[in-house]
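The structure under discussion is supplied below as structure tokens; questions concerning it will follow.
The values are calculated or read from the model by the stated rules, or taken from the named source; none is laboratory data. Because the structure is predicted, anything quoted here is derived from the model rather than measured. For neighbour counting, all protein chains shown are included, and Cβ atoms are generated from backbone atoms with ideal geometry for every residue, glycine included.
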Amino acid sequence: MKAVVQDRYGSADVLELADIERPEAGEGEVLVRVRAAGLDAGVWHLMTGRPYLLRLMGFGLRAPKVPVRGREVAGRVESVGGAVTRFRPGDEVFGFCEGSFAEYVSAPEDRFAPKPANLTLEQAATAVSGVTALQAVRDAGRVRAGQKVLVIGAAGGVGTFAVQLAKAFGADVTGVCSTTKTDLVRSLGADDVIDYTREDFADRPQRYDVILDTAGNRSLSHLRRALAPRGTLVIVGGENGGRLLGGTDRVLRALLLSPFVRQRLRGLFSAERREDLEALRELIEAGEVTPAIDRTYALSEVPEAIRYLSEGSARGKVVITV
């Protein structure tokens with residue numbers, strides 16, 4: 001089969017389209033014919049091997065342990081292992097796996113859920129970002145009806161989901177993004193939009209019950225200025241924090257500071273759970289959430305797609321079609 005592989009860490013130039021052996025479904029696994037694969041910031045981190053903390057966490061010290069990139073997937077079940085009970089060949093599914101930039105993937109059945117009936121396979125290939133946003137809004141942020149919620153990075157892959165989810169939970173939502181993306185954020189249902197190139201959200205008199213920071217480069221003191229006295233800050237991922245820790249140092253500082261202040265300061269380390277996939281599917285099928293797709297690229301164009309994503313220009317998700 002064709003797959004996008006790398007044998008060393010580096011820029012998008014280390015990626016190549018190659019012929020590799022097609023996987024087989026193990027006893028409790030599902031073999032999926034990939035039709036679409038989402039592109040998220042985690043792909044860039046695993047491609048470059050930065051921050052170096054990732055390498056120490058078991059992803060490979062000198063080279064990636066898993067040579068095929070990609071983590072989000074949607075496609076049709078090709079075959080199933082003998083212990084699989086939830087799927088059969090021909091089912092359309094979406095979910096998580098390692099190595100989705102390929103024609104086929106194999107993973108345990110609990111990594112997949114039935115594709116939402118009202119989505120295309122391209123739209124469904126956004127599971128990692130959708131589940132990350134769900135955990136940020138529902139679990140870490142504990143967003144509830146009537147609250148004032150600020151979503152920073154509201155036009156990004158996670159942010160576009162977070163805006164819609166916070167609205168679905170009954171919150172009054174303000175999105176923060178750049179000038180060219182304000183129309184997108186409004187179309188997602190945001191009650192207000194702040195263009196960060198023209199205005200600093202922390203300078204407004206409004207204080208927010210929950211702040212979801214998906215952009216990853218503002219200081220804790222800056223974020224806390226806009227947070228209500230007993231509000232909750234959720235840091236989703238992190239960027240620009242150096243080669244060793246990346247943005248995870250902000251999360252560590254937040255966790256250390258939180259016991260000594262009235263505000264709840266949280267970092268989100270997203271877990272890829274089937275029950276959250278199912279919850280996301282229900283919200284999508286109920287019309288509460290719709291993935292925002294910016295561009296699609298062919299499998300042979302993955303390096304170009306990653307370069308585009310890393311520029312920060314994407315309005316929603318970037319998807320690879322296979």
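Could you please let me know if ALA314 is in contact with a strand residue (DSSP E or B) (Cβ under 8 Å, 6 or more places away or on another chain), outside the structural domain of VAL210 (by TED's automatic domain parsing) and in a loop (DSSP other than H, G, I, E, B)?
So ALA314 passes the test.
Please find, within segment 249-308, the residue that is modelled with the lowest pLDDT out of those that are in a loop (DSSP other than H, G, I, E, B) and among the acidic types (Asp, Glu). Break it down into steps so the answer makes sense when it comes.
Initial filter on segment 249-308 (in a loop (DSSP other than H, G, I, E, B)): 261-263, 269-273, 286-292.
Checking which are among the acidic types (Asp, Glu) leaves us with 272, 288.
On the way: GLU272: 88, GLU288: 97.
So, considering only residues that are in a loop (DSSP other than H, G, I, E, B) and among the acidic types (Asp, Glu), the one modelled with the lowest pLDDT is GLU272.
Consider segment 163-177. How many of its residues are touching a strand residue (DSSP E or B) at 6+ places or on another chain (Cβ under 7 Å) and either over 20 Å from LEU223 (Cβ atoms) or free of Cβ contacts under 8 Å to residues at least 24 places away in the same chain (or both)?
The total comes to 1.
Still on this model: Anything in segment 4-26 that is over 26 Å from the mean Cα position of the chain (by Cα) and among the β-branched types (Val, Ile, Thr)? List them, or say none.
Across segment 4-26, the qualifying residue is only ILE20.
Could you pull out the residue among THR180, THR197, THR160 that is in contact (Cβ under 8 Å) with a residue 12 or more places away in the chain, surrounded by fewer than 20 Cβ atoms within 10 Å (Cβ to Cβ) and in a helix (DSSP H, G or I)?
THR180
Listed residues LEU165, LEU150; which is outside any loop (DSSP other than H, G, I, E, B) and either within 20 Å of GLY287 (Cα to Cα) or of a type in the set (Phe, Trp, Tyr) (or both)?
So the residue among LEU165, LEU150 that is outside any loop (DSSP other than H, G, I, E, B) and either within 20 Å of GLY287 (Cα to Cα) or of a type in the set (Phe, Trp, Tyr) (or both) is LEU165.
Among the residues of segment 1-50, how many are without any contact (Cβ under 8 Å) to a residue 60 or more places away in the chain, part of a loop (DSSP other than H, G, I, E, B) and within 30 Å of THR160 (Cα to Cα)?
Residues in segment 1-50 being without any contact (Cβ under 8 Å) to a residue 60 or more places away in the chain, part of a loop (DSSP other than H, G, I, E, B) and within 30 Å of THR160 (Cα to Cα): 4 in total.
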